[in-house]
Amino acid sequence: MKLLGLDTATAATSVAFLDTGTGRELARRDDPAGGERPRHTTRLLPLIAELLEAAAEGWGSLDCIAVGLGPGTFTGLRIGIATARALGQARKLELRGISTLRALATGAVPARTSRPADVVLAALDARRGELFAAAWGLPDARSEALGEQALAPVAVDPRTLASRLPGLGASSLAIGPGAVEFRSYLEHAGAFVPGDDSVLHSVNAINHCRLAAAGEGVRALEEIKPQYLRLPDAELARRGRARQ
């Protein structure tokens, strides 16, 4: 099975290719510098073209597109999901919608041997002083998959999230841009947060491919839509004006 993965839930644009028959993996990404706006609109399609060229693969050889459903930024998710749906329908490819938080957490599975933990907490910066977060158990080294979900996806402030950490497991590994942004809260609650430059903090579309290849994610077209967890900023502003 040959899969194309993509995610635009964060400021980064991430694309990846996986061939399950050979185990070959390739990835490309665009990370704006601090303070720069995301470049999903201008970089997503060029990155996909660059990736497929590097993989020496054409659209006709692909079987599936795995796209991140978020949670994340309203505009970023809309761009990524609309692109995946358009490409999938045009090329007659299977589509698979993958939780961005679950994909982020999946990246921690190989790292659990170097930093033992019972739970991995995946956290994205939700702005407004909040995080998007979810947690899963980390099984022993014989397993290549996440364990049971310990915390369902939620939009939450860092103090509340930190207060919940002790109840999730004896030891927690917190990863993702949200963990970096609110490191002090999570570390005070006992979680281990890797250094800011750790690859564990980056959403990598190769994990979307791996999850889709394992049969995870949603398939129905009507279910492949953004998972916002809360109202977009524009809608909140509109409701605020209406109340006034």
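The values are calculated or read from the model by the stated rules, or taken from the named source; none is laboratory data. Remember, predicted model here, so these are calculated numbers, not experimental data. Note: ideal-geometry Cβ built from the backbone for every residue, glycine included; neighbour counts use all protein chains shown.
If you go through the range 13-24 one residue at a time, do you hit one that is in the same structural domain as G88 (by TED's automatic domain parsing), surrounded by 15 or more Cβ atoms within 10 Å (Cβ to Cβ), closer than 22 Å to R96 by Cβ and basic (K, R)?
no
In the range 139-193, what residues are farther than 22 Å from V203 by Cα and among the charged types (D, E, K, R)?
Those that are farther than 22 Å from V203 by Cα and among the charged types (D, E, K, R): D140, R142, R159, R164.
Does the range 186-197 contain any residue that is touching a His at 6+ places or on another chain (Cβ under 8 Å) and either buried (at least 19 other Cβ atoms within 10 Å of the Cβ) or in the same structural domain as L131 (by TED's automatic domain parsing) (or both)? Explain how you work it out, then say what you get.
First, pick out the residues of the range 186-197 that are touching a His at 6+ places or on another chain (Cβ under 8 Å): 194.
This time we only want the ones that are either buried (at least 19 other Cβ atoms within 10 Å of the Cβ) or in the same structural domain as L131 (by TED's automatic domain parsing) (or both), so: 194.
The answer is yes, given that some residue of the range 186-197 is touching a His at 6+ places or on another chain (Cβ under 8 Å) and either buried (at least 19 other Cβ atoms within 10 Å of the Cβ) or in the same structural domain as L131 (by TED's automatic domain parsing) (or both).
Given the conditions (1) closer than 17 Å to R230 by Cβ; (2) in a loop (DSSP other than H, G, I, E, B), which single one is not true for G169?
(1)
Which one of the conditions (1) surrounded by fewer than 18 Cβ atoms within 10 Å (Cβ to Cβ); (2) within 21 Å of E222 (Cβ to Cβ); (3) of a type in the set (S, T, Y) does T75 fail to meet, given that it meets all the rest?
(2)
Table: residues versus (1) of a type outside the set (S, T, N, Q); (2) more than 13 Å from A9 (Cα to Cα); (3) touching a Gly at 6+ places or on another chain (Cβ under 8 Å).
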residue: H40; (1), (2), (3): yes, no, yes
residue: R43; (1), (2), (3): yes, yes, no
residue: P46; (1), (2), (3): yes, yes, no
residue: E50; (1), (2), (3): yes, yes, no
residue: G58; (1), (2), (3): yes, yes, no
residue: L62; (1), (2), (3): yes, yes, no
residue: P71; (1), (2), (3): yes, no, no
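Inspect all residues belonging to the range 160-171 and state whether any of them is out of contact with any Phe, Trp or Tyr (no Cβ under 9 Å at 6 or more places or on another chain) and closer than 26 Å to T8 by Cα.
No: the range 160-171 contains no residue that is out of contact with any Phe, Trp or Tyr (no Cβ under 9 Å at 6 or more places or on another chain) and closer than 26 Å to T8 by Cα.
Looking only at residues that are assigned to a strand (DSSP E or B) and surrounded by fewer than 23 Cβ atoms within 10 Å (Cβ to Cβ) in the range 127-136, which one is modelled with the lowest pLDDT? If you could, list the steps in order and put the result at the bottom.
Here is the first cut: in the range 127-136, the residues assigned to a strand (DSSP E or B) are 127, 130-136.
Subsequent filtering for residues that are surrounded by fewer than 23 Cβ atoms within 10 Å (Cβ to Cβ) retains 127, 130.
Working: R127: 91, E130: 97.
The extreme case among them is R127.
Every residue in the range 1-10 that is surrounded by fewer than 24 Cβ atoms within 10 Å (Cβ to Cβ) and part of a loop (DSSP other than H, G, I, E, B), please. Don't jump to the end; show me each part of the working.
Here is the first cut: in the range 1-10, the residues surrounded by fewer than 24 Cβ atoms within 10 Å (Cβ to Cβ) are 1-2.
Answer for the range 1-10, where residues must be surrounded by fewer than 24 Cβ atoms within 10 Å (Cβ to Cβ) and part of a loop (DSSP other than H, G, I, E, B): just M1.
Which of (1) under 21 Å from L77 (Cα atoms); (2) at pLDDT 95 or above; (3) in contact with a helix residue (DSSP H, G or I) (Cβ under 9 Å, 6 or more places away or on another chain); (4) surrounded by fewer than 21 Cβ atoms within 10 Å (Cβ to Cβ) does R210 not meet, given it meets every other one?
(4)
Looking at (1) surrounded by 12 or more Cβ atoms within 10 Å (Cβ to Cβ); (2) modelled with pLDDT of 95 or more, which is the only condition G169 fails?
Against the list (1) surrounded by 12 or more Cβ atoms within 10 Å (Cβ to Cβ); (2) modelled with pLDDT of 95 or more, G169 comes up short only on (2).
Let me confirm something: among L165, L121, which residue is under 14 Å from the mean Cα position of the chain (by Cα) and within 26 Å of T73 (Cβ to Cβ)? Give the steps one after another, and end with the answer.
Values: L165 fails: under 14 Å from the mean Cα position of the chain (by Cα).
Of the residues listed, the single one that is under 14 Å from the mean Cα position of the chain (by Cα) and within 26 Å of T73 (Cβ to Cβ) is L121.
Could you tell me whether the range 78-89 includes any residue that is among the hydrophobic types (A, V, I, L, M, F, W, C), more than 13 Å from the chain's Cα centre (by Cα) and within 29 Å of A170 (Cα to Cα)?
no
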